Amino acid sequence: MKKITVLIPAYNEAVNLPALHTRLCALASGELDNVSAQTGTDNSAERPRMTDYEWEFLFVNDGSSDNTLAVLNTLRRTDPRVTVVDLARNFGKENALLAGFDIASGDAVVVMDADLQHPPETVPEMVKYWELGYVDVYGRRRSRGRESWLRHNLTSVFYRTLQALTSIEMMPGVGDFRLLDRRAVNALTSMRETQRYTKGMFSWIGGSKYGIDFDVADRAGGHSSFGPRQLVALALQGLTGFTTAPLRFASISGITISIGAFVYLVYALVKYACYGDPVRGFATLLCVMLLLGGLQLLCLGIIGEYIGRIFIETKGRPPYIIDTVNGRPLTSAP
Ligand code: UDP
Ligand code: MG
């Protein structure tokens, strides 16, 4: 019997977990097998039965400050399919996901948010395509749920910029909600960088992929942990992790400005030699100096971003520390 692990990183999700667990139980017991409304497809006849699989519900408590851990332990006591990994502190969603991939024992791993934004009703359809041989069956957002106008637009500008700068395909509307075959999971766990941008890694590892549309639900309870600051940090992670184009920007703008300045120098000298015209314009000079000063600082900043990340990676620290698995301290490294 094949085993499917549902991997759920949870940070302050105590209010959502019981409802999520109920939906997962419905999924595993086959109640959602023929619910096709969420995926928009209606070829349910070919879908495999979810009861034909063994299930593991793997929750990674990412250093929550509410009683997420207590709720998870209660679920674990009532349901043997539940595994609870407790991280020593908040390491961020990307690293919590890696911890989950390391521990997951399934032949396939379904990654899902804890806030019920990712409908478990889509999973049977994902399993179907996994059985057809795809190693990465990803969810594609048909609609994005409740989201501010600013966040929506800034996100799409960011993805377009990132796509323009990197050769790795960054699929629009595709996030972490997906089913990964064991081969893809092994590829992801072999990438041990601390500065993770998992969305880019899914593309980087390659493999046969298939997209399934789904509607993002609104967050069931609690608050999103990704405010503007976290989103900017994640965007920088994606940029610096998957492209060195910003560094090239520094050299290209340096060369362009130098050539421009040289041409202007020749022009000014010739003008002076022919017409004896002294060069005027204090204001212009000031503007050019400030512009160049700004550009130099920007380029230094870009280089600094990369150096900072090199510094963090060279320390070779583990991406996360596990406190306990199912209430017991972890004696050997995963
Ligand atoms: N999450 C996490 N660690 C963090 C922040 C978030 O494990 O430091 C989890 C969170 O519990 C949820 C998922 O990552 O399951 C997505 O988070 P959230 O809903 O806050 O993000 P959004 O959906 O707003 O992008
Ligand atoms: Mg969410």
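The values are calculated or read from the model by the stated rules, or taken from the named source; none is laboratory data. This one's a predicted model, so the numbers in the text were calculated from it and none came from an experiment. Here the Cβ is made from the backbone with ideal geometry for all residues, glycine too, and neighbour counts use every protein chain on show. In case anyone asks, the SASA skips ligands and DNA or RNA and just uses the protein heavy atoms, side chains included. Shrake-Rupley method; radii C 1.70, N 1.55, O 1.52, S 1.80 Å.
Residues in region 198-234 that are within 13 Å of ligand 1 (Cβ to nearest atom) and either within 19 Å of Ser156 (Cβ to Cβ) or in a strand (DSSP E or B) (or both): Lys199, Val216, Ser224, Phe226, Gly227, Pro228, Gln230, Leu231, Ala233, Leu234. Applying a threshold of 6 Å to beta carbon distances and a minimum spacing of six or more residues, or different chains, the list of pairs starting in region 211-226 at a residue that is closer than 24 Å to Tyr134 by Cβ and open to solvent by less than 50 Å² (accessible area, probe 1.4 Å) and ending at one that is near ligand 1 (Cβ under 8 Å from one of its atoms) and not aromatic (Phe, Trp, Tyr) reads Val216/Gln117. Of all the numbered requirements in (1) over 17 Å from the mean Cα position of the chain (by Cα); (2) crowded, with 21+ Cβ neighbours inside 10 Å, Val110 misses one, and that requirement is (1). In the set (1) within 16 Å of ligand 2 (Cβ to nearest atom); (2) more than 39 Å from the chain's Cα centre (by Cα), the condition left unmet by Ile259 is number (1). Taken over region 103-159, the residue count meeting the criterion of being of a type in the set (Val, Ile, Thr), out of contact with any Leu (no Cβ under 7 Å at 6 or more places or on another chain) and within 13 Å of ligand 1 (Cβ to nearest atom) is 1. Is it fair to say Val174 is more than 28 Å from Gly308 (Cα to Cα), aliphatic (A, V, I, L, M) and either in contact (Cβ under 8 Å) with a residue 60 or more places away in the chain or in contact with a Ser or Thr (Cβ under 7 Å, 6 or more places away or on another chain) (or both)? No. Checking each residue in region 167-184 for being at pLDDT 90 or above, surrounded by 15 or more Cβ atoms within 10 Å (Cβ to Cβ) and either over 12 Å from the mean Cα position of the chain (by Cα) or not hydrophobic (A, V, I, L, M, F, W, C) (or both) picks out Gly175, Asp176, Arg178, Leu179, Leu180, Asp181, Arg182, Ala184.
Please verify whether Tyr138 is among the aromatic types (Phe, Trp, Tyr) and open to solvent by 50 Å² or more (accessible area, probe 1.4 Å), treating the condition exactly as stated. Judged against the criteria, Tyr138 is not a match. Within region 82-93, is even one residue under 28 Å from Leu234 (Cβ atoms), open to solvent by less than 30 Å² (accessible area, probe 1.4 Å), at pLDDT 95 or above and within 16 Å of ligand 2 (Cβ to nearest atom)? Scanning region 82-93 turns up at least one residue that is under 28 Å from Leu234 (Cβ atoms), open to solvent by less than 30 Å² (accessible area, probe 1.4 Å), at pLDDT 95 or above and within 16 Å of ligand 2 (Cβ to nearest atom). Within region 299-324, the set of residues being open to solvent by less than 30 Å² (accessible area, probe 1.4 Å), part of a helix (DSSP H, G or I) and under 23 Å from Phe101 (Cβ atoms) is empty. Just to verify a result, which residue in region 235-264, among those that are open to solvent by 50 Å² or more (accessible area, probe 1.4 Å) and β-branched (Val, Ile, Thr), is nearest to ligand 1 (Cβ to nearest atom)? Looking at residues that are open to solvent by 50 Å² or more (accessible area, probe 1.4 Å) and β-branched (Val, Ile, Thr), I get Thr244.
Once region 1-45 is narrowed to residues that are among the aliphatic types (A, V, I, L, M) and at pLDDT below 95, the residue that is least open to solvent (accessible area, probe 1.4 Å) is Leu32.
In region 276-294, the residues that are of a type outside the set (A, V, I, L, M, F, W, C) reach residues that are open to solvent by less than 90 Å² (accessible area, probe 1.4 Å) with C-beta atoms within less than 7 angstrom, at least six apart or across chains, in these pairs: Asp277/Lys271. From the set of residues in region 113-135 that are open to solvent by less than 10 Å² (accessible area, probe 1.4 Å) and within 16 Å of ligand 2 (Cβ to nearest atom), which is nearest to Asn326 (Cα to Cα)? Checking each candidate, the answer is Ala114. Quick one: in region 46-77, which of the residues that are within 16 Å of ligand 2 (Cβ to nearest atom) and among the charged types (D, E, K, R) is most open to solvent (accessible area, probe 1.4 Å)? Filtering region 46-77 for residues that are within 16 Å of ligand 2 (Cβ to nearest atom) and among the charged types (D, E, K, R), the one most open to solvent (accessible area, probe 1.4 Å) comes out as Asp66.
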